[in-house]
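Undergrad: Attaching a single structure in structure tokens format; questions to follow.
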Amino acid sequence: AGDADDSERIPPVTALPITATITDDDIIESVGISTSSLNDRFNQIKIDYTDIANNSQPNSVLSPHPVEDSTDIRTNYLNEDAGKVLEGSFSFQGIIDSVTAQKHATLLLKKSRGQPRINLQVTPKGINTAPGDFIRINSVALGINDVYRVTETTLNPDHTVVMNAIKHVPDFYDVSDTGQKFG
């Protein structure tokens, strides 16, 4: 989601290279839209990393931090999840400091909670799309006008294309200090 020359620069949706715009006229048959199920999302992320500042000892960070969370986002997520603690635990050997670990934890948490997925069959307009491409889905019938990132395509014998995509939310990739805030 960043820029090849500046990994922390987040281009706005208006600057993304859109491969195709899918409208109601391009959609064939049914569309499936899903959000993260209780088994696919988290209300807290723990990242284990090697702390280079502490003689390369193992360390970990939490996002959101249970004590330092001034936005009550963890409480809100717990309420949304019927009080069930959903902690994801990840280990990254390449992370060597708490700041980077915290940024990754926040990114994973945001992604787990807020990226709807869509699957649909489209006209041959979808032939030139590939996983990783950005597409705009502008459907009056579905009430959608958003950018999605293609995750999978299947070309059918009749030249229609089955696509799976995930909604692209540029703010999730903001790894600056501002992006570490919830709200």
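Undergrad: If I take every Cα pair under 8 Å that is 6 or more residues apart in the chain, average their sequence separation and divide by the length, what percent do I get for the relative contact order?
TA: Once divided by the residue count of the chain, the mean separation gives 29 percent.
Undergrad: Identify all lysines with a Cα-Cα distance to LYS103 below 28 Å; exclude those on the same chain that are fewer than 8 residues away in sequence.
TA: Partners within reach: LYS46, LYS84, LYS111, LYS167, LYS181.
Undergrad: Same structure again: Can you give the local net charge around ILE95? Use residues other than it whose beta-carbon is closer than 10 angstrom to its beta-carbon, Lys and Arg +1, Asp and Glu -1.
TA: Neighbourhood net charge equals -2.
Undergrad: Would you mind classifying the range 94-174 by shape? Square roots of the alpha carbon gyration tensor eigenvalues, ordered a ≥ b ≥ c; an a/c under 1.5 is rounded, otherwise it is prolate if a/b is larger than b/c and oblate if not.
TA: prolate
Undergrad: First check a/c for the range 17-73, with a ≥ b ≥ c the square roots of the eigenvalues of its C-alpha gyration tensor; if it is under 1.5, answer rounded, and if not, answer prolate when a/b is larger than b/c or oblate otherwise.
TA: Taking the square roots of the gyration eigenvalues as a ≥ b ≥ c, the range 17-73 is prolate.
Undergrad: Tell me the carbon and sulfur percent of the accessible area for the chain, rounded to whole percent, probe radius 1.4 Å. Intermediate values should be presented prior to the final figure.
TA: On the way: 5000 of 10280 Å².
Using a 1.4 Å probe with all protein chains present, the chain comes out at 49 percent carbon and sulfur.
Undergrad: Can you tell me the order of 73-81, 42-50, 108-116 when each peptide is scored by its average per-residue count of other Cβ atoms within 10 angstrom, highest first?
TA: Those peptides, ordered most packed to least, come out 42-50, 108-116, 73-81.
Undergrad: Next question, about the same structure. Taking a probe of 1.4 Å, how large is the accessible area per residue of the chain, in Å²?
TA: In whole numbers, the chain has 56 Å² accessible per residue.
Undergrad: Follow-up question, since we're still on this one. Tell me, what is a quarter of the convex hull surface for the C-alpha atoms of the range 62-119, in nm² with one decimal?
TA: 5.3
Undergrad: Mind ordering 154-165, 27-38, 96-107 by average Cβ neighbours within 10 Å, highest first?
TA: In descending order of packing, they fall as 96-107, 154-165, 27-38.
Undergrad: Give me the angle, in degrees from 0 to 90, between the Cα long axis of helix 98-114 and the longest principal axis of the Cα atoms of the chain, rounded to the nearest 10.
TA: That helix lies at roughly 40 degrees to the long axis.
Undergrad: Moving on. Amide H neighbours of ILE28 under 5 Å, counting only residues 5+ apart in sequence or on other chains, H built in-plane at 1.01 Å?
TA: GLN121, VAL122, THR123
Undergrad: For the chain, what does the helix formula give at 222 nm: sum of -39500 (n - 2.57) over DSSP H segments with n ≥ 4, over the residue count, nearest 500 deg cm²/dmol?
TA: On the way: 2 runs with 25 residues, N = 183.
Result for the chain: -4500 deg cm²/dmol, rounded to the nearest 500.
Undergrad: Right, something else. At what distance in angstrom do the alpha carbon centres of the range 17-69 and the range 136-173 lie from each other?
TA: When both Cα centres are located, 18 Å separates them.
The values are calculated or read from the model by the stated rules, or taken from the named source; none is laboratory data. Since this is a predicted model, take the numbers as computed values, not measurements. Quick reminder, even Gly has a Cβ in these numbers, built from the backbone with ideal geometry, and neighbours come from all protein chains shown. We work out accessible area using only protein heavy atoms, side chains counted, and drop any ligands, DNA or RNA first. Shrake-Rupley method; radii C 1.70, N 1.55, O 1.52, S 1.80 Å.
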